Structures are given as structure tokens and as C-alpha cells.
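Working notes for the structure below.
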Amino acid sequence: MSGRIALVFPGQGSQYVGMAKDLYEGSEAAKKALDALAVAAGFDLLGVMFEGPEDELKKTQNAQPAILAHSVAVLVAWVGKKGRPEVAALAGHSLGEYSALVAAGTLEAVEAVRLVRARGELMARAGEARPGTMAAVMNLGPAALQEALDGVTAGTVVIANYNCPGQLVISGDPEAVAEASVAVKGCGGRAIPLPVSGAFHSPLMGPAAKEFVEALVRADMADAQAPVYCNVDAAPHKAAVELRANLGLQLTGSVRWEESVRAMIAAGITEFIEVGPKEVLTKLIGRIDGKVAARAVGTLEQVEA
């Protein structure tokens, strides 16, 4: 494999009932990894992944370990069949950054699944303590959107995700997001409410971030074997101390996905492989730069191909 490949890992929203079941049944390496992750997660992870119900799977505290487990299962099945892929960079969208750190050798998979389970529980709790919401904003650039947000008086609202040209996400107090959505329409954009349990990647996650940093301090982390482009600054990092700090900032910081992809392309990446459920990032990358190759590997069939 060329060294100009980047592995990218999806975040929350990519889960689906039945995820990774084919990998569990068709790859001994994936089965072993998933069994270990289920024990570490401390709940019926595989039951929720394979059988649902969907309402249970999409709960933040369940969806996060499920998506990470699926990505890890793809990785180990791939390594078992093809050998370890040679990669020049890695990145993950929000939660996906933890999967990227597993692939980079920074976090052991069982350590990562414990962390994301705790992260999901803290985020869910923060959403209950101070309800918040999010909305996708289409057809508006970051500067125009920020100008619209600057006029909001009903509470806190920020740009949470810079996904790709024409697709941003706002996050904050429900009243503020509603006011911002009206302003977005007035600017020629469109705001679509998202079915989330809190205002992720906004100051409303402050209490969760404060508590989660304590869990990160205790986590065993090594330097990355290849650069990991972090959400909070869209820059490459290998030092464990930097990667740990960025995970702490990530809960309240914006996901700078478009910037991260452009930075990887500028550094010489010519092919992106999305590792995990669905192909959300593959589509986003196509909208960021249609000239680079991007494909998804999320099933046993795709691993073998």
C-alpha cells in the first residue's frame, strides 16, 4: 500500500441495528476483539449492536462504544486478512477520533471503549442537566453563519461542526438554536433540527468536559505511530500529551472536519479510507475535494474486497 493513504473514522449518527454482525460471524479476529470490547464496555454492547432496539442503540452512551467497536472490528479483520495497512495520516469525526487513536497505537481498544462509554454517559447527563439541541445548516458559509449567530440574544449558540462546503452544524440552548434557525433562513440558508440529546461541541458540555478530563488523565496513552489530525485544531499530532489535551478540549470545541481533510490533502494524502459503519465521511470528503479518492470499508465483504 502507498504511504499516501489516510484512515478516517466516523462519529455518532453512523450506528445501525445489525452493525458489525457480519464481521463477528465471519472473522475470528473481529469476534475476539468484539468480545473483549463488550466485557470492557460494562453493558450488553453486542446485544444492542446486533439486535437493538434502535432507540436503545442511538442513546449517546450506547452509540459511542458501538461505533468505536465496529471500527475496531473492521481494523482487526483487515489486519488479519491483509496485514497492517501503511498509512500516512489518521483522523476521526468527533467520537471517531478515539477510533483513530486506537489505529494509531495511542490507545488500546479496551481503554478506548471504556473512555467513550464514560464520555457518552457524561454527555447524556450534561444534556439532561441543561437541555440543548443542534441543527444542521445548509447553503451558508461559516462567515455568514457566524454573523447570524452573533445577533442571537436567546442564549448560547455556536458553530459545532465545519463538515464540508455548504454543511455546518450549530449547537446550543434550544431557544438560541431556534432563533438562529430563523436568522439562517433570512440569510438564504436552511436549518434542519437534529435528533440529539444535548448541545454537543458547545459550552453547554462544559460540566461533562471537566469531569471527563479526569478520566483522560488516568488513561494510558502512547505517542501515535502516524500523525493524527485532531478535531479542535485540524493539525497533525503524534505526542500523547498533545493528543490527550485535545480530547479534553473536543467536547466543548468545534469539529473542524473540512479543515482537517484539506490539511491532510495539502500534506500529500491522495486516498481516504473510511473505517467503520456507513459512509458519511466518504461523502463529506467527496464534497470537500472531488479529486481525491475516498472509499468506505465497513463490512466483511468490503474488507475482503
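Within the span defined as the stretch 2-10, every residue fails to be of a type in the set (A, V, I, L, M, F, W, C), in contact with a helix residue (DSSP H, G or I) (Cβ under 7 Å, 6 or more places away or on another chain) and surrounded by fewer than 24 Cβ atoms within 10 Å (Cβ to Cβ).
For ALA66, the test of being within 26 Å of GLY198 (Cβ to Cβ), assigned to a strand (DSSP E or B) and not β-branched (Val, Ile, Thr) is failed. Among the residues of the stretch 217-237, those that are free of Cβ contacts under 8 Å to residues at least 40 places away in the same chain and on the phi < 0 side of the Ramachandran plot comprise VAL217, ARG218, VAL232, ASP233, ALA235, HIS237.
Just one of the numbered conditions (1) within 19 Å of the chain's Cα centre (by Cα); (2) in a helix (DSSP H, G or I); (3) within 18 Å of GLN302 (Cα to Cα) is not true of LEU37: (3). Of (1) surrounded by fewer than 20 Cβ atoms within 10 Å (Cβ to Cβ); (2) modelled with pLDDT of 95 or more, ALA91 satisfies all except one. Which? So the condition that ALA91 fails would be (1).
Here is a yes/no grid of residues against (1) touching a strand residue (DSSP E or B) at 6+ places or on another chain (Cβ under 8 Å); (2) crowded, with 18+ Cβ neighbours inside 10 Å:
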| site | (1), (2) |
| --- | --- |
| VAL177 | yes, yes |
| ALA183 | no, yes |
| GLY186 | no, no |
| ALA191 | yes, yes |
| ALA199 | yes, yes |
| GLY206 | no, no |
| ALA215 | no, no |
| ASP220 | no, no |
| GLU242 | no, no |
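Would you check if ARG287 is under 26 Å from HIS70 (Cβ atoms), of a type outside the set (Gly, Ala, Ser), in the same structural domain as VAL76 (by TED's automatic domain parsing) and without any contact (Cβ under 8 Å) to a residue 12 or more places away in the chain? No: the conditions fail for ARG287. Looking at the stretch 292-304, can you tell me whether even one residue there is assigned to a loop (DSSP other than H, G, I, E, B) and either among the aliphatic types (A, V, I, L, M) or not assigned by TED's automatic domain parsing to the domain that holds LYS59 (or both)? For the stretch 292-304, residues assigned to a loop (DSSP other than H, G, I, E, B) and either among the aliphatic types (A, V, I, L, M) or not assigned by TED's automatic domain parsing to the domain that holds LYS59 (or both): present. Condition first: surrounded by fewer than 20 Cβ atoms within 10 Å (Cβ to Cβ), within 20 Å of LYS21 (Cα to Cα) and not basic (Lys, Arg). Can you find one or more residues in the stretch 248-258 that meet it? Checking the stretch 248-258: not a single residue is surrounded by fewer than 20 Cβ atoms within 10 Å (Cβ to Cβ), within 20 Å of LYS21 (Cα to Cα) and not basic (Lys, Arg).
For the stretch 69-87, filtered to residues that are in contact with a Phe, Trp or Tyr (Cβ under 8 Å, 6 or more places away or on another chain) and in a helix (DSSP H, G or I), the residue that is nearest to PRO227 (Cα to Cα) is SER71. Would a scan of the stretch 264-276 turn up a residue that is closer than 26 Å to ALA209 by Cα, charged (D, E, K, R) and surrounded by 22 or more Cβ atoms within 10 Å (Cβ to Cβ)? Checked the stretch 264-276: no residue is closer than 26 Å to ALA209 by Cα, charged (D, E, K, R) and surrounded by 22 or more Cβ atoms within 10 Å (Cβ to Cβ). Apart from one condition, LEU90 fits all of (1) outside any helix (DSSP H, G or I); (2) in contact with a Gly (Cβ under 7 Å, 6 or more places away or on another chain); (3) of a type outside the set (S, T, N, Q); the exception is (2).
Of the helices (runs of 4 or more DSSP H) lying entirely inside the stretch 197-268, those containing at least 2 residues that are within 22 Å of LEU281 (Cβ to Cβ) and out of contact with any Lys or Arg (no Cβ under 8 Å at 6 or more places or on another chain) span 240-250, 257-266. The test for being in a strand (DSSP E or B) and within 26 Å of THR282 (Cα to Cα) does not hold for ALA30.
The values are calculated or read from the model by the stated rules, or taken from the named source; none is laboratory data. Model, not experiment: these values are computed from the prediction. FYI the Cβ positions are ideal-geometry reconstructions off the backbone, even for glycines, and counts take in every protein chain you see.
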